[in-house]
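Okay, structure first, notes after.
The values are calculated or read from the model by the stated rules, or taken from the named source; none is laboratory data. On a predicted model such as this, the values are computed, not experimentally measured, just so you know. Here the Cβ positions follow ideal geometry from the backbone for every residue, glycine too, while neighbour counts run over all protein chains shown. Only protein heavy atoms, including side chains, enter the accessible area calculation; ligands, DNA and RNA are left aside. Shrake-Rupley method; radii C 1.70, N 1.55, O 1.52, S 1.80 Å.
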Amino acid sequence: MADRDTLQLPREVRARLAELELELSEGDITQKGYEKKRSKLLRPYLPHPPGSDRCPVTPSSSRYQRRRSSGSRDERYCSDVYSEAVQAALQRQKEKKMAVPMPSKRRSLLTQTSVDAYTPPDSSSGSDCEGSARVEAWMSHALHSSSSTTSSSSSHSTGSANAARLADSSTHTYNIGPISHLSLRRRGLGGLGGSVENGNMARRSYDYPSDRPWSSLDSEDSHSAPPDVTPLHTPHIQWPQVAHPTKAPPKYGNAELMETGDGVPVSSRVSAKIQQLVDTLKRPKRRPLREFFLDDFEEMLEVQQPDPSLPRPEGPESMPIQGQELCVGSHCPTSLEAALQRWGSIAPKAPCLTTSHSDGKHIYTLTYGKLWSRSLKVAYNILHKLGTKQESMIQPGDRVALVFPNNDPASFMVAFYGCLLAELVPVPIEVPLSKKDAGSQQIGFLLGSCGVAVALTSDACHKGLPKSTNGEVLQFKGWPKLLWVVTDSRHLSKPPRDWYPLIKDANSDTAYIEYKTCKDGSVLGVTVTRIAMLTHSQVLTHTCGYTEAETIVNVLDFKRDVGLWHGILTSVLNMLHVISVPYAIMKVNPLSWMQKVSQYKAKVVCVKSRDLHWALMSHRDQKDINLSSLRMLLVADGANPWSISSCDAFLNVFQNMGLRSEVICPCASSPEALTVAIRRRHEEDCDPGRGVVSMTALSHGVVRLDTGEKLSALTIQDVGSAIPGALVCVVKLEGAPRLCQTDEIGEICVCSAATGSAYYGLTGMTKNTFEVCPVLSYGSVLSEYAFVRSGLLGFVGPGELLFITGKTDGLIQTCGRRHNADDIVATALAVEPMKFVYRGRIVVFSVPVLHDDRVVVVAEQRPDATEDESFQWMSRVLQAIDGIHQVGVYCLALVPCNTLPKTPLGGIHLSETTQLFLEGALHPCNVLMCPHTCVTNLPKPRQKQPEVGPASVMVGNLVAGKRIAQACGRDLSQTEDCDQFLFLSEILQWRAQTTPDHILYTLLNSRGALASSLTCLQLHKRAEKIAALLFDRGQLRDGDHVALVYPPGIDLIAAFYGCLYAGCIPITVRPPHPQNISTTLPTVKMIVEVSRSVCIITTQAICKLLKTKEASAAVDVRSWPLILDTDELPKRRSPLLYKPCDPDSLAYLDFSVSTTGMLAGIKMSHAVTSSLCRSVKLQCELYPSREVAICLDPYCGLGFVLWCLCSVYAGQQSVLIPPPELEVNPAVWLQSVSQLKLRDTFCSYSVMELCTRALASQTHTLKARGLDLSRVRTCVVIAEERPRISLTQSFSRLWKDVGLQPRAVSTAFGCRVNMAICLQGTSGPDPTTVYVDMRALRHDRVSLVERGSPHSLPLMESGKILPGVRIIIANPATKGPVGDSHLGEIWVHSSHNASGYFSVYGEEALQSDHFSARLSFGDTQTVWARTGYLGFLRRTELTDARGERHDALYVVGALDEAMELRGMRYHPIDIETSVIRAHKTIAECAVFTWTNLLVVVVELDGSEQEALDLVPVVTNAVLEEHYLIVGVVVVVDLGVIPINSRGEKQRMHLRDGFLADQLDPIYVAYNM
């Protein structure tokens, strides 16, 4: 400490520190940001102790550290031998835990302690938080006093460097050496500057220069010194209480001390007001209101807090284990080629390989002489017979593919050694049987990356390959172009007698490449050098005790792994006789390998635990089996913990047939590290290592013995010690390759000459796997030689025995725990597997869902298992896995037998199965989803903040510069002749007199031909006759309600004006559908009754329909009011037409059923109707010379206004195209627009969607027929919902080739309270589109993002605001205005607002709330109508026709349809869009809630066997994009989801049908 420099802080640094404190006090930065910035400022001025290991921790972790350090030792470890190691392990665990930041509240440093009345912290009293605050206050006081130049006494009780160290103590804690827990002294020491020696306090004094900035603190009159932070070992310290006097800070000269708001002293020459202004300018912006918050992902998702009771490794650091010394005889061949040459020369008739045909009868034996001669022939032909005489196609070092079936090991062995003799690199692969083989494409990628151009195969295999019509082998997907060479002797030339290959000693050249399939399905090539191949064979010879001419039986795949190493390589080195048992024979006769052992008196047999299990199932009828000759039963997958049951059961059954317990030898191996360990025969004097460990502890990466009889216990066995000549260690799975502790699960790493060397062509992955340098706890490297990761998980047990618990490829990490897929498979198979599923046809994998892996179990179901039995088994499996492994299964699926993709040896191809599951192509027959139990990291339910008062809103939106979100259209002006009339009936009469022959309406049929038309005079006369009909036959009076039940056409228009002429109130009603009268007629009946209609006028056909038997079955036909048909009207006209006297009197009633299922009738007065028509006329520039095409439903809303009213008011000619005609001819609308050369058209979303879907394949045909849409100026979609931007964009792209401009397509917006709020019109800026954060919308906020951002949602402007319309965005809860670009309810003030609801029951409160709302503050006098839709206004950079900046309105969704789930507001269209995007067979989707469960109904456009594929796909999509768990998934047929005429989904009708079980679903999945 004596060489520590004094701390000098420049003035600008002190000023910046004061600004940071002010920002923290104002809440503009977080505590974490404040500490980070302050530490960055102070870092250049802090002394760094030599050798210190700087590790920042949070204050909360320091408190946790203090609590832990004072506790007692764990009672489970009572041995004194482990005391120091356990303490060190606990200490490291504390450090690891402290790295996780704990939640912290914002707090101001200035409010903790007064500068003028300062008391140093006292660690003996008060809480930890108080001590922390006092230290920070001390630091603040020290900074504020640092500019003093007053000299102080030269004798100081403590050094100023301690204060310098303390300046960073609130942010950083330094762990010096191994004693890291001393960081607590920075918090608790307070004003004591002493050291601790033998538990006693001792003062230390140091002399420092007097001109340091801390001198005022170090003087005798000042406060006590800061704590000493020297690295001393102080486990327990009882801090005495020390009283310290307080004293005001000294004055600066003769001037009074002036401070800014943060306490930084300023010069007295600066005016206080000027300084206040400076502080105001430097003051950051105020924090946002509490109702708005940041969408930090870490804050949204639930973070699992670490449980201190979970098992953690507590043992000492593990040390590497050294294998025995490798003993190699002097007569050992220097390479495998030399060995083959030796045995082929001195023992040519010695048997090398014996194999059987798949029928088990024909036996073929390959001798060493034949192997040598044929290998020479293969080598000669490859080098000299491929290519031209001048240039050979193959050069030494090139890679060659070996494609041989599993039942022909002899041909493979000949080709393999032929490549070695030719100095080529063989790449053994599986035989591709078809273009769609599982994993075949990835194999092709490996061949392409290796530069393989030649493939060696046998004649029989070549004949079985798929070929084209010209006889050539097909080009497989992803494969390079290959030259196929048959290696059978009759196809090869005999080499010259003087030709012999050069037999070299083993070197570092690549010998062969063994392929490895990764967890994700990718295929890697592991290169093995010639020296590694030879050394590995020598290791196996030493380990297994092979001697010349021994006989071994090989049941394994001879092209890779253990089967290749023992059956092909080591056998030639030792002149062994290998009996190969193909997989095809094993399927027919599982005991064939045991029969071979008995027949040939084999000494060694290489099997898998699967073969042992098969033998157990078929041994009953066999009595002539004798296994006494075996000295080693090598279990290749003995590293699997669950193989121990097969080994034990096999030993128990066959022990009476000569099998000895010491014969069973488990083996641990991997493609990268080759053989890691084998339990050797000479270790039989030692009992094999076994242990019962807790699977719960294993999931946390810890080894704990389980002495109790628990279901969660796992018995594991050792796989022997390290192989000779190898160094084996265990490293941590994550982070740097540090050595594990003795009771910690890690990855086995091997340092040996007998391992793989690289992944071919992958330098980065090679470095991470084959060049690992394990690190000790104190940072040094374990060895100068690199280690190889084996991919095996385990630990080193007693006696330096290796225990394997799983593989990294089979590891499933979920909810912070690691589970082995094989363990879960074994648990599932333990639940009565043989009755319902096939034992070997089950697979467990994980899929990423919501930022965590989820467990998926897929099995093939037996055909005789019923659906109920399968579901019972699935339920028991879920309970078993949850009880034993404490992990929830996300999905359990059963598929029909023989449908999962297979590997060449019959297993399930894991990556292909995973891909099929993710793509929704698995086609299960039973599926069970359990997302509620396994998805535990959902976002925290939203807790809404208290209501924001008017004052804070005004301050937040006005003072801070935010504009109140309000906008208006242009003023209404009366310039036309028709504007002088207040009633539509008067306008029609005026037009009939002034322009009697002007055509107002033209009706087209499905062929686009003219069906009928109406001039002004014709409409007037027909309306008069209908009025006469109502007077004469109906005896109706003024004000009576009349229901108009007409199909879309001209009759509806004439009937409407006939009612106006008669003084009646018309109500337009959609007629019942003749083919669906049972469901549509009740709606007609309900509207007629609710509207209190005294008469129904309709056509003669509908009049008959209302009285049919089908109608009587649906409703009571006797209760119909008077029904009049208008097909035959009286010839005389009405003597006197009704003339309304009050503009506010009722003109008509507008009835419609909303998407929430509510029937609402809106009162429209004459004044409102005229104002509405005037506003639409001005917006769309409608004049008598204009023609517009209308393809809308004419029964309610703006569709009715455009169909019936606007032509009479404005005089334009309306070309009417009834939407039902498009069902016959979908092109009639566009063809009519093109033929009539119309510039403006109106349609609905249902019409646009029908044209998009039905005509997508006919665009070229229609273009050839002359379809031209280049004249279209506006194509407006009339709707009462958020614009469907995907549909409008698809429509624009589809018809772009025929001239439709994308800017012409726009939308309109209206609702019940105001039918026309926005409409694009003919002039004005183009519609704008913004992208908002969908997560923010759930919290009722608007956050604009860039296009393509995650969770971005495009919103299109809903058209321009109509003239005479004023809009404001208000908070639906507080009824206060909100700011620009803030989400709220759209309120509208206009002269064409509806007059109110028409209801039998008179809901005055609802009427007042919707039509007579007032703001809670601001403009409280204006009466507004509440639309019930959420949206926001945004001022754009565009200008409107008035030259002002354009205000765009964006509609988000209806409040009535929004779903409140987990405290957040979800709009159905957002979820439905995600679901429709999830799978290609989903044609339509609708969502609703039922008992707080989210129900998703999807229409299937495919075969029924694909229905169950949609369940996991839909669940995944909703979870990933919306953080919601789907409770029920309902798969239905096409057309089940009800859609109204406007194209809106009737979700509440669908919900009622679901609850009444009327949907006839294909499948209903209840996610548990």
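Expressed as a whole number of Å, what is the distance separating the alpha-carbon centroids of the stretch 1180-1232 and the stretch 1446-1460?
Each part's Cα centre sits 27 Å from the other's.
Using a 1.4 angstrom probe with every protein chain in place, what is the largest-first accessible-area order of Tyr380, Tyr364?
Tyr364, Tyr380
According to the square roots a ≥ b ≥ c of the eigenvalues of the Cα gyration tensor, what is the shape class of the stretch 439-505, taking rounded for a/c under 1.5, prolate for a/b larger than b/c otherwise, and oblate for the remainder?
Cα axes put the stretch 439-505 in the oblate bin.
Over the stretch 407-553, give the accessible area per residue in Å² for a 1.4 Å probe, as an integer.
On the way: 5930 Å² over 147 residues.
That works out to 40 Å² for each residue.
Roughly how many Å² is the accessible area per residue of the stretch 798-932, as a whole number, for a 1.4 Å probe?
In whole numbers, the stretch 798-932 has 37 Å² accessible per residue.
Test of understanding: what is the full-extension gain from Ala347 to Cys518, defined as 0.36 nm times their sequence separation minus their Cα-Cα distance?
57.4 nm
Taking 7 Å along the Cα-to-C-beta vector as the label spot, tell me the Met1459-Asn1225 distance in nanometres, rounded to one decimal.
4.2 nm
Using a cut-off of 14 Å between beta-carbons, work out the net charge of the residues near Val1498 (Lys and Arg +1, Asp and Glu -1, Val1498 not included). Working shown, then result.
On the way: positive: Arg1477, Lys1480, Lys1545, Arg1547; negative: Glu1472, Glu1484, Glu1499, Asp1501, Glu1504, Glu1506, Asp1509, Asp1533.
With Lys, Arg at +1 and Asp, Glu at -1, the neighbours total -4.
Tell me, in nm to one decimal, what length is gained between Lys467 and Ala736 on full extension, where the rule is 0.36 nm per residue of separation less the Cα-Cα distance?
Full extension from Lys467 to Ala736 adds 91.8 nm.
Thr1108 to Gln915: extension gain in nm, 0.36 nm per residue of separation minus the Cα-Cα distance?
63.8 nm
With every protein chain present, what accessible area does Thr755 have (1.4 Å probe, heavy atoms only), rounded to the nearest 10 Å²?
Using a 1.4 Å probe on the heavy atoms, I get roughly 10 Å².
For a paramagnetic label modelled at 7 Å from the Cα of Met617 toward its Cβ, which residues of the stretch 876-900 fall within the zone defined by backbone nitrogen distances under 17 Å?
897-900
What FRET efficiency comes out for Phe981 versus Leu1294 if R0 is 35 angstrom and r is the Cβ-Cβ distance? Round to the nearest 0.05. List each step's numbers first, then the result.
On the way: r = 43 Å, r/R0 = 1.23.
The calculated FRET efficiency here is 0.25.
Would you give the gap between the C-alpha center of the stretch 574-611 and the C-alpha center of the stretch 788-859, rounded to a whole Å?
A separation of 28 Å, based on Cα centres.
Shape call for the stretch 1104-1158 from the C-alpha gyration tensor, a ≥ b ≥ c root eigenvalues: rounded (a/c under 1.5), prolate (a/b greater than b/c) or oblate?
oblate
Which value, in Å², gives the accessible area per residue of the stretch 1015-1144 when a 1.4 Å probe is used on the protein heavy atoms?
Working: 6040 Å² over 130 residues.
It amounts to 46 Å² per residue over the stretch 1015-1144.
What is the distance, in nm, between label points placed 7 Å from the Cα along the Cα-to-Cβ direction at Ala1256 and at Arg1414?
Inter-label distance under the simple model: 5.4 nm.
Just to be sure I understand the model, the point goes 7 Å from the Cα along the line to the Cβ. What's the resulting Leu651 to Arg43 distance in nm?
If labels sit at Leu651 and Arg43, their model points lie 5.9 nm apart.
If packing is taken as the mean number of other Cβ atoms within 10 Å per residue, what is the order of 1106-1113, 483-490, 469-476, 907-914, highest first?
Ranking the peptides 1106-1113, 483-490, 469-476, 907-914 by packing returns 907-914, 483-490, 1106-1113, 469-476.
Accessible area of the stretch 482-607 with a 1.4 Å probe: how many percent of it is carbon plus sulfur?
49 percent
Given a cut-off of under 8 Å on Cα pairs at least six residues apart, what relative contact order in percent is computed for the stretch 1439-1568?
Contact order relative to length: 20 percent.
Report the Cα centroid-to-centroid distance between the stretch 706-770 and the stretch 1301-1358 in angstrom, as an integer.
With the stretch 706-770 and the stretch 1301-1358 each reduced to a Cα centre, they are spaced 57 Å.
Set the Förster radius R0 to 51 Å, insert the Cβ-Cβ distance between Arg1273 and Phe445 as r into 1/(1 + (r/R0)^6), and round the FRET efficiency to 0.05. Could you put the intermediate results ahead of the total?
On the way: r = 54 Å, r/R0 = 1.05.
Calculated transfer efficiency: 0.45.
Which value, in Å² and to the nearest 10, is the accessible area of Val1513 when all protein chains are kept and the probe is 1.4 Å?
Counting only protein heavy atoms, Val1513 exposes about 10 Å² to solvent.
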